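First comes the structure, then the notes that go with it.
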Amino acid sequence: MGMTLAQKIIKRHLVDGEMIPGTEIALHIDQTLTQDATGTMAYLEFETMGIDRVKTERSVAYIDHNTLQSGFENADDHRYIQSVAKKHGIYFSRPGNGICHQVHLERFGIPGKTLIGSDSHTPTGGGIGMLAMGAGGLDVAVAMGGGAYHITMPKMTKVNLTGKLTPFVTAKDVSLEILRILSVKGGVGHIIEWGGEGIQTLSVPERATITNMGTELGATTSIFPSDEVTRAFLKAQGREDAFVPLCADADAVYDRVIDIDLSTLKPLIACPHSPDNVVTVESLSGTKVDQVCIGSCTNSSLYDMLKVAALLKGKTIDPSVSLSVSPGSKQVLTMLADCGALSDILAAGARVLECACGPCIGMGFSPNSAGVSLRTFNRNFEGRSGTADGKVYLVSPETAVAAALTGVITDPTTLGECPKVEMPSAFLINDTAILPPAPVDEADKVEILRGPNIKEFPSTKPLEKDVSAELVLKVGDNITTDHIMPAGAKILPYRSNIPYLSQFCFGVCDKTFPERAKAAGASVVVGGSNYGQGSSREHAALVPLYLGVRAVIAKSFARIHAANLINAGILPLTFQNPEDYDKLKAGDTLILSDIAKGLSGGVVTLYDQTANLSIELVADFTERQIEILKDGGLLAYTKNR
Ligand code: MIC
Ligand code: SF4
């Protein structure tokens, strides 16, 4: 039987387990990346392992999230990461050099290699045929130390593309269409492989837009074959030697096949507050827009920016709209400047921001109160923009420009002639903002620079026999990590300071949560399905741990968050009977007894003392995960061994 492309890469990297969907496998990891908002933790964790030099083929530390530096905190964290990178064999991409996923694709990605990153949009690398996955910081630290990365062997979904995109319909619309079809839960437990004759018409940046947003489907990752389009991109990046042709076997078997005819797609838009809330742009035309933001790891390539510049050329944006443009990398920005396209963007009235995540993670450019913001980003979760009642819509760069010019949601196909943008045959290469690590024999001399913003980890303890805890918070379906541990300009600078961060835990749902959880001593959170979707931030587990959360009981969990909970020593348990969710009430006293025995048997019994009822909870863990939970988290587990 033939193999899918992802199965081939998995097979080559398999160090433990069998490739049976639903069972745990361990993969050798060739490359890692971190960004600064999750990186400080990851490197603190790496340091505790006492390993001198990373064991990967390539590890890169990017600074792209916390670049506002409104106080000493970010600057301290950046210096810390820079010094750790230099000492331990990690390349360091300086602030301003660009968004990790964009720069990694340009300068480091290699088809057929495995990559994990402490950022959920790491699957962007699937645009050039990498098996690239988002992970918690601790998993990345372990991989840097040469340890394997454990995942559940995914099922395989194929999306078969036919036809060709019509003018003003883009890769972003393909991402939104698949979200419309599958929803934010539809990719859970699957790898999405893109194929069919339609992929030949898609450039690498377009493919990367699509694999980037596969994260919003909850998929383990997304991947395109490595073909002549990939070769041309790598050649233009001066890296043709990294090219290897890769594709699925003709007789590969998929668990699910979805067909999309590119020629029938229309410009689409995701409405607040979920990326799968998708309708046609046309159906909302005329809606007043206050703000437009172009950029983020989804749509900040040179290809995207040249289209934006061509559409803005000679025009002026509507006076009622504020427009930001953040190019994805120094390479993109420099090339825009050199060809004059940057002048067209500026002349039209855009505010050009740094090559960083910026507004995507609420670092500035928050909309006005109740403002409507059209963004080319990948997430529109409630409150993420920094304005609690802001209404964020997700669109393509073309639809974004149309709204910036007219002041209302506008179908871009009404803009007239669609500009043609060619990919350059050679990108401008200047890696001065990527600092190589110190040579091995000089690493000893490198001093690690720590600032006062870096605080201790929350302490963990081995699993208790029984836990009596208060149900402090009950939430619904699709709770995101932005609900659990919000980001944004006011909080993000404290990613290395768990005690400070803890004040904001679950702030979007219930501002009294931190205080009540602390008062309870031991607590439980109850959630609906797809609990913990979104980002890879392990802070969404470490902060609840600090506040005394012992278990999260939900109908189902998102992949990375479930792993982060286990790594933190918090029990992620699921309802055997989803209807039991309705029986539990906030404030109830819950007793989990004989937990270790329950973990081995796969079922933990919960007694709700307040309601006087017992409920069976599924404890679906591998032997390794049970040992991690028993030890009180992955750090303790790793140290104990
Ligand atoms: C995000 O898009 O939510 C982030 C910020 O990039 C996160 C990482 C983080 O929280 O630092 C992610 O996607 O993993
Ligand atoms: Fe940065 Fe936004 Fe991409 Fe996250 S989704 S890595 S915040 S640009």
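The values are calculated or read from the model by the stated rules, or taken from the named source; none is laboratory data. Predicted model, so just to flag it, every value in this text is computed and none were measured. Here Cβ is always computed from backbone atoms with ideal geometry, including for glycine, and neighbour counts include all displayed protein chains. What goes into the accessible areas is simple: the full protein's heavy atoms, side chains included, and nothing from ligands, DNA or RNA. Shrake-Rupley method; radii C 1.70, N 1.55, O 1.52, S 1.80 Å.
Could you look at region 279-395 and say what percent of its accessible area is carbon and sulfur, using a 1.4 Å probe and all protein chains?
Here carbon and sulfur together make up 54 percent of the probe-accessible area.
Say R0 is 35 Å: what FRET efficiency, to the nearest 0.05, do residue 11 and residue 440 get from their beta-carbon distance?
0.60
In whole percent, what relative contact order does region 162-277 give with Cα contacts below 8 Å and a gap of six or more residues?
In percent, rounded to a whole number, it is 40.
Where the centre of each part is set by its Cα atoms, how far does region 391-431 sit from region 213-275, in angstrom?
Going from one Cα centre to the other spans 20 Å.
Peptides 196-208, 521-533, 104-116: what's the order by average Cβ count within 10 Å, highest mean first?
Per-residue Cβ counts within 10 Å, averaged per peptide and sorted highest first, yield 104-116, 521-533, 196-208.
With unit charges on the beta carbons (Lys and Arg positive, Asp and Glu negative) and the dipole taken about the Cα centre of region 469-614, which residue among 569, 492, 544 sits farthest to the positive side?
Highest projection toward the positive end goes to 492.
How much net charge surrounds residue 263 when only other residues with a Cβ under 13 Å from its Cβ are counted (Lys, Arg +1; Asp, Glu -1)?
-3
Restricting to the chain, compute how many DSSP beta bridges are antiparallel as a %, nearest 5.
35
Amide H neighbours of residue 159 under 5 Å, counting only residues 5+ apart in sequence or on other chains, H built in-plane at 1.01 Å?
Result for residue 159 returns 193, 194, 195, 258.
Which value, in debye to the nearest 20, gives the size of the charge dipole of region 444-520 about its Cα centre, when Lys and Arg are +1 and Asp and Glu are -1 at the Cβ?
Magnitude of the dipole: close to 200 debye.
Karplus couplings for region 292-301 from phi (6.51 cos²θ - 1.76 cosθ + 1.60, θ = phi - 60°), rounded to Hz, Gly and Pro as x?
With the stated coefficients, region 292-301 comes to 9, 10, 10, x, 6, 5, 7, 9, 9, 6 Hz.
With contacts defined as alpha carbon pairs under 8 Å and 6 or more residues apart, what's the relative contact order of the chain in percent?
Once divided by the residue count of the chain, the mean separation gives 14 percent.
Measuring from the lowest to the highest alpha carbon on each principal axis, how far does region 110-192 reach, largest first, in angstroms?
For region 110-192, the Cα spread along each principal axis is 47, 26, 19 Å.
What does the accessible area per residue of region 486-641 come to in Å², with a 1.4 Å probe and no ligands, DNA or RNA counted?
Ligands and nucleic acids excluded, the result is 36 Å² per residue.
Suppose R0 equals 35 Å. What FRET efficiency, 1/(1 + (r/R0)^6) with r the Cβ-Cβ distance, do residue 316 and residue 428 give to the nearest 0.05?
0.75
Would you kindly derive the ³J(HN,Hα) couplings of region 161-169 from the backbone phi angles with the Karplus curve 6.51 cos²θ - 1.76 cosθ + 1.60 (θ = phi - 60°), listing them in order in whole Hz, with x for Gly and Pro?
9, 10, x, 8, 4, 8, x, 6, 9
Rounded to the nearest 20 debye, what is the charge dipole size of the chain about its Cα centre when +1 sits on each Lys and Arg Cβ and -1 on each Asp and Glu Cβ?
Computed charge dipole of the chain: roughly 660 debye.
Any idea of the accessible area per residue across region 271-312, 1.4 Å probe, to the nearest Å²?
Roughly 27 Å² per residue, with all protein chains present.
If you restrict to DSSP beta bridges whose two residues both lie in region 550-641, what percentage is antiparallel, to the nearest 5?
Approximately 75 percent, going by the DSSP bridge assignments.
Leaving ligands, DNA and RNA out of it, report the carbon-plus-sulfur percent of the accessible area of region 61-217 at a 1.4 Å probe.
It is 48 percent, rounded to a whole number.
Can you list residues whose amide H is under 5 Å from residue 364's amide H, if they're 5+ apart or on another chain and H is modeled 1.01 Å from N?
Sorted by chain and number, the residues that satisfy this are 489.
Suppose the chain between residue 49 and residue 448 were pulled fully straight at 0.36 nm per residue; how much longer would it get relative to their current alpha carbon spacing?
Fully extending the segment from residue 49 to residue 448 adds 142.1 nm.
Across every pair of different alpha-carbon atoms, what Kirkwood hydrodynamic radius in Å does the chain reach?
Its Kirkwood hydrodynamic radius stands at 24.7 Å.
Skipping prolines and chain starts, which residues have an amide H placed within reach, meaning under 5 Å, of the one on residue 475, given they are 5 or more residues away or on another chain?
526, 527, 528
Straight-line reach from residue 445: which lysines fall under 24 Å, measuring Cα to Cα and dropping same-chain residues less than 8 apart?
55, 86, 87
Counting C-alpha atoms alone, how compact is region 475-540: give Rg to one decimal and Dmax as a whole number, in angstrom.
11.7, 30
Which percent of the accessible heavy-atom area of region 521-638 goes to carbon and sulfur, probe 1.4 angstrom?
The C+S portion of the solvent-accessible surface of region 521-638 is 49 percent.
Just list whichever of 11/235; 8/266; 490/518; 518/630; 172/455 have alpha carbons separated by over 30 Å in the model shown.
8/266; 172/455
Short version: what are the Cα gyration tensor semi-axes of region 512-627, square root of 5 times each eigenvalue, largest first, in whole Å?
19, 18, 14
Rolling a 1.4 angstrom probe over the protein heavy atoms, how many square angstrom per residue are accessible across region 86-184?
20
Please give the length that would be gained between residue 339 and residue 620 if that part of the chain were fully extended, namely 0.36 nm times their separation in residues minus their C-alpha to C-alpha distance (nm, one decimal).
In short, 95.6 nm is gained.
What is the extension gain from residue 368 to residue 28, computed as 0.36 nm multiplied by their sequence separation minus the C-alpha to C-alpha distance, in nm to one decimal?
That works out to 117.8 nm of additional length.
Can you figure out the FRET efficiency of residue 579 with residue 79, using R₀ = 56 Å and their beta-carbon distance, to the nearest 0.05?
Rounded to the nearest 0.05, the efficiency is 0.60.
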